[in-house]
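First comes the structure, then the notes that go with it.
The values are calculated or read from the model by the stated rules, or taken from the named source; none is laboratory data. Please read all numbers here as calculations on a predicted model, not as lab measurements. Don't worry about glycine lacking a Cβ; one is built from the backbone with ideal geometry, like all the others, and counts go over all protein chains shown. Each accessible area value is taken on the protein alone, full model and side chains, heavy atoms only, with ligands, DNA and RNA left out. Shrake-Rupley method; radii C 1.70, N 1.55, O 1.52, S 1.80 Å.
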Amino acid sequence: MVEHIFSENDGNLDVLLNLTITIIGYGNQGRAQALNMRDSGLKVIIGNRKDQYRKRAKKDGFEVFSIEEATKLCDILFLLIPDEVMKEIYENHIKDNLKDKGAIVFASGYNIAFNIIKPPKKHDVLLIAPRMIGVGVRERFLTNEGFFSFIHVENDASSKAQEILLALCKAIGTLKKGAFDISFKQEAVLDLFNEQAFGPVFGRVLLTSIFTLVDAGYPPEAVLIEMFMSEEMSYIYEKMAQVGLVKQVDFHSQTSQYGAMSRGIKFRNLPIKKEMKKILENIESGNFAKEWEKKSSKIIFRFLKFFATKTRINKLEQKVRRNLKLKSIDYYEFEEPTIDDSDITKKIMRELKEFEDYIMEF
Ligand code: NDP
């Protein structure tokens, strides 16, 4: 069965006429989606705390309200703030202020998938999760290219949630490329798996390659240019999307193709798939979401970010960037967390030591 991909003709903006759309949060996604919808002719207002993002929204010509006020004023509310603060903002500022039959739109499945936020049945609950960073959402709207999104109706209180969803998709610009219906849970799992399985394995392969070469005496400047600073890898990724994962090999020399294809077999027995399956199960079961809710995970996270500032690659990269006259703004810095005497910190000390050893390997 071929799944249906929604495209431009599936969305009709008429269903949104006279409706007010509130965007909560004017960050990466918030700004891009607000500008796109306004350019599509919709009435868009912003809800944000009194902060730097609020000033930016005003400068862009939007009416900006407190989160409570903006919620009361709207028919459709986009919750475009970081996933980890959403529950608190939803519970304390949105839940009691959104009108009956009003829609709530998420750009990530996380909080619904893992039952962290449980909106009542009186609201439409919609997903429009762009597979694109905010800057790209805006740029690709302006160039008419569009971008892929995962979309879904979780609850249909208005009896026209699907029409509303597709109209919003059209206004944001995603239907120009295509929107694909998957559940909140599927979206969240795919996203987390990419971050927790593919990302770290890729990172480790990259760092192992870098230090295999540096330790063998190759100049660090040349190694980093070869491995990622040339931006050649991002072109290869682009070509994979444009012409096909396998077919893009034709852009490389015969020597490169033979070398890569014939040597792949040497890495065949790495236990990557086994570990990836465990990570997938841990995400699907909701155990990762539970772990991330814990106070101790937030403490571990601060330490992990700090350890990363002390890694060999961070120092090496600083030196290489200086030598290549690249901007010093790219240095990675994070303040050292204070170690308190609390029970939680004591409990995680051994775990922290393990993480420190692991991260400091590079
Ligand atoms: P950002 O980190 O860019 O959000 C920043 C906005 O959130 C600002 O307006 C900020 O306002 C507000 N904010 C931050 N903390 C709080 C808080 N405690 N209380 C109230 N407001 C707060 O978010 P993103 O755009 O990256 O993500 C938004 C959603 O989009 C998420 O669900 C994410 O998963 C999803 N998404 C993100 C993508 C991306 O590329 N970034 C891609 C696809 C989906 P201020 O600090 O001024 O109060």
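Taking every DSSP helix (H) stretch of at least 4 residues in the chain, weighting each as -39,500 (n - 2.57) and dividing the sum by the residue count yields a mean residue ellipticity at 222 nm of -14500 deg cm²/dmol. Here r is the Cβ-Cβ distance between Asp343 and Val205 and R0 is 51 Å; the resulting FRET efficiency, rounded to 0.05, is 0.85. Pairs of alpha carbons in region 114-165 separated by more than 18 Å make up 47% of all such pairs. Sorted on the mean count of surrounding Cβ atoms within 10 Å across their residues, most packed first, peptides 16-29, 88-101, 349-362 read 16-29, 88-101, 349-362. Cα to Cα, under 21 Å, and not fewer than 8 places away if on the same chain: which lysines meet these conditions relative to Lys327? Within the straight-line cut-off, Lys327 pairs with Lys310, Lys315, Lys319.
Taking the 1.4 Å solvent-accessible surface of the chain as the whole, the part contributed by carbon and sulfur is 54%. Accessible area per residue for the chain, computed on protein heavy atoms with a 1.4 Å probe, is 60 Å².
Projection of the Cα convex hull of region 237-290, averaged over all directions and equal to a quarter of that hull's surface, yields 5.5 nm².
Counting 0.36 nm for each residue step from Lys99 to Phe198 and taking away their Cα separation leaves a gain of 31.5 nm. Mind checking the angle between helix 28-39 and the chain's longest principal axis? C-alpha axes, 0 to 90 degrees, to the nearest 10. Helix 28-39 sits roughly 40 degrees off the main axis of the chain.
For region 183-319, the alpha-carbon radius of gyration amounts to 1.28 times the rule-of-thumb value 2.2 N^0.38 Å expected for a compact globular protein. Between the alpha-carbon centers of region 204-267 and region 45-102, tell me the distance in whole angstrom. After rounding, the separation between the Cα centres reads 44 Å. Past the 28 Å Cα-Cα mark, which pairs from Lys58/Lys298; Lys121/Lys290; Lys277/Lys298; Lys185/Lys274; Lys87/Lys239? Going by Cα-Cα distance, Lys58/Lys298; Lys87/Lys239 fall outside the 28 Å limit. Taking N as the residue count of region 5-182, its C-alpha radius of gyration divided by 2.2 N^0.38 Å amounts to 0.92.
As an equivalent ellipsoid, the chain spans semi-axes of 39, 27, 21 angstrom, where each value is the square root of five times an eigenvalue of the C-alpha gyration tensor, largest first. For the pair Ser230 and Glu145, label points projected 7 Å from Cα toward Cβ lie 2.2 nm apart.
Restricting the calculation to Cα atoms, every distinct pair contributes to the Kirkwood radius of region 6-88, found to be 13.1 Å. According to the calculation over all Cα-Cα pairs in region 135-195, the P(r) per 10 Å bin from zero is 22, 43, 32, 4 %. When you filter the trypsin sites (Lys or Arg not before Pro) in region 144-213 for DSSP loop state and at most 16 other Cβ atoms inside 10 Å of their Cβ, you are left with Lys160. Within a straight-line Cα-Cα reach of under 19 Å, Lys170 can be paired with the following lysines, leaving aside sequence neighbours fewer than 8 residues apart in one chain: Lys43, Lys160. Label reach from Lys160 (point 7 Å along Cα→C-beta): in region 50-88, amide nitrogens under 20 Å belong to 73-78.
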